[in-house]
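The values are calculated or read from the model by the stated rules, or taken from the named source; none is laboratory data. Since we're looking at a predicted model, the values are computed, not measured. Because the Cβ atoms are built from the backbone with ideal geometry, glycine has one as well, and the counts that use them run over all protein chains shown.
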Amino acid sequence: MRPDAWHRTEDLDRFLARAGDFLRSRPALHTVLLTVTEGLRTGGPGRYGDEPPVFGMLERDGTVRAAYFRTPPFQLYVTALTPEEAVVLAAHLADVGGPLPGAGGERETVAALAAAWQARTGAEFVLRHRQRLYRLGELTVPEPVPAGRARIADVADRGQLVRWYREFVAEVDHPANGAEAWADARLAYGGVTFWEAPDGTPVSMAGVTPKVAGQVRVAPVYTPPHLRGRGYAGAATTEVSRAARDAGADEVLLFTDLANPTSNGLYQRIGYRPVADFAVYDFQGGRESQGGQDSQGPRAPRDRQGQSSS
């Protein structure tokens, strides 16, 4: 075995057995991998799409140094890499073959990977999203608190959750497949909180991922456009954040779109503090890679994030 090599597999159990300690070593920075793999473990390989997910691990002297996953039709998602490791990953992905629609991860890592992928295949790359990961510090209730109350969504709210999830992913330009499965998964553990108007009408929602490695992530937060600017999202986020901390989460996290100064300002007023910047790139065109097979697993089709996700 080479001292520094990527290994690819479609076997989630094998991936977690080899990379689980690495993922849990930095639960905040690895929140997306932790929550997506938990969703696949509990919901099955079709949780995020019809094609099987694929995973990769960078091992150095028998120790996992980095990891990636892809759940088609989403982009590749990768943990932090050095520029040199990004070049090695681009070569690995080209050797395995198949199209690569894009990549997400920490800002410097995916910028280096996009450049390495272009050098390898001739593909153009376009920055799609700039994101910031926040961690909850001291929770502060934003004033004024809008009239109404918080309520955990239940099975009677399934249709509402499906509609709002589809509207949310359309706004953030993600495929809307799996809305029903997403709603069912969240309902199974009380993973969505509504803010209701005084008459009982839901006006905003804030979701939270299951606790994995001590961390949870608030996602998604959605208010219909005609109800925005009234403090509903802040109220829902505050309540779901408080509940997560009361339930024993060591870290309560969330991502924001850096193109949206309103949400970034809101979450900081609630008590969230920056951790790191992330980005998502789309890859376009380029030479088709040659295909082939990784020494540790079969060739697999394409990928995901998110993220916001899961």
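Counting only strands (runs of 3 or more DSSP E) that fall entirely inside the stretch 67-183 and contain at least 2 residues that are among the charged types (D, E, K, R) and within 16 Å of the chain's Cα centre (by Cα), the qualifying elements are 124-136. Can you spot a residue in the stretch 215-238 that is part of a strand (DSSP E or B), β-branched (V, I, T) and more than 18 Å from P142 (Cα to Cα)? Yes; the residues of the stretch 215-238 include at least one that is part of a strand (DSSP E or B), β-branched (V, I, T) and more than 18 Å from P142 (Cα to Cα). Does F69 count as among the aromatic types (F, W, Y), touching a residue at least 24 places away in the same chain (Cβ under 8 Å), surrounded by fewer than 23 Cβ atoms within 10 Å (Cβ to Cβ) and in contact with a helix residue (DSSP H, G or I) (Cβ under 9 Å, 6 or more places away or on another chain)? The answer is no for F69. One residue is enough: does the stretch 249-261 have a residue meeting the conditions among the aliphatic types (A, V, I, L, M), more than 16 Å from E138 (Cα to Cα) and crowded, with 17+ Cβ neighbours inside 10 Å? The answer is no; no qualifying residue exists. Contact map, the stretch 178-203: residues that are of a type in the set (K, R) paired with residues that are buried (at least 18 other Cβ atoms within 10 Å of the Cβ), Cβ distance under 7 Å, separation 6+ or inter-chain. Pairs shown: R186/L161; R186/V192; R186/G207. Within the bounds of the stretch 6-15, is there any residue that is closer than 20 Å to P73 by Cα, in a strand (DSSP E or B) and in the same structural domain as D95 (by TED's automatic domain parsing)? For the stretch 6-15, residues closer than 20 Å to P73 by Cα, in a strand (DSSP E or B) and in the same structural domain as D95 (by TED's automatic domain parsing): present. Exactly one residue out of A90, A19, A94 is without any contact (Cβ under 8 Å) to a residue 40 or more places away in the chain and surrounded by 18 or more Cβ atoms within 10 Å (Cβ to Cβ), and it is A90. Per the listing G148, G159, the residue uniquely surrounded by fewer than 18 Cβ atoms within 10 Å (Cβ to Cβ) and not assigned by TED's automatic domain parsing to the domain that holds V54 is G159. Residue under question is T37, and the condition is that it be among the hydroxyl-bearing types (S, T, Y), surrounded by 19 or more Cβ atoms within 10 Å (Cβ to Cβ) and either assigned to a strand (DSSP E or B) or not assigned by TED's automatic domain parsing to the domain that holds R217 (or both); does it hold? Considered against the rule, which asks whether it is among the hydroxyl-bearing types (S, T, Y), surrounded by 19 or more Cβ atoms within 10 Å (Cβ to Cβ) and either assigned to a strand (DSSP E or B) or not assigned by TED's automatic domain parsing to the domain that holds R217 (or both), T37 comes out as yes.
Considering only residues in the stretch 1-52 that are among the basic types (K, R) and farther than 27 Å from E84 by Cβ, the one that is farthest from the chain's Cα centre (by Cα) turns out to be R41. Quickly run through the stretch 184-214 and pick out the residues that are farther than 23 Å from Q75 by Cα and assigned to a strand (DSSP E or B). Scanning the stretch 184-214 gives V192, T193, F194, W195, E196, P202, V203, S204, M205, A206.
Let's see how each residue does on (1) among the aromatic types (F, W, Y); (2) out of contact with any strand residue (DSSP E or B) (no Cβ under 8 Å at 6 or more places or on another chain):
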{"position": "E10", "(1), (2)": "no, no"}
{"position": "G39", "(1), (2)": "no, yes"}
{"position": "Y48", "(1), (2)": "yes, yes"}
{"position": "F55", "(1), (2)": "yes, no"}
{"position": "P73", "(1), (2)": "no, yes"}
{"position": "E84", "(1), (2)": "no, yes"}
{"position": "D95", "(1), (2)": "no, no"}
{"position": "A114", "(1), (2)": "no, no"}
{"position": "A119", "(1), (2)": "no, yes"}
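Of the residues in the stretch 134-144, none is aromatic (F, W, Y), under 19 Å from L89 (Cβ atoms) and surrounded by 20 or more Cβ atoms within 10 Å (Cβ to Cβ). Against the condition farther than 20 Å from A236 by Cβ, surrounded by fewer than 14 Cβ atoms within 10 Å (Cβ to Cβ) and of a type outside the set (D, E), how does A119 come out, does it pass? When the stated conditions are applied, A119 passes them. Checked against the criterion of being among the charged types (D, E, K, R), modelled with pLDDT under 95 and closer than 21 Å to T209 by Cα, the stretch 70-79 has no qualifying residue.
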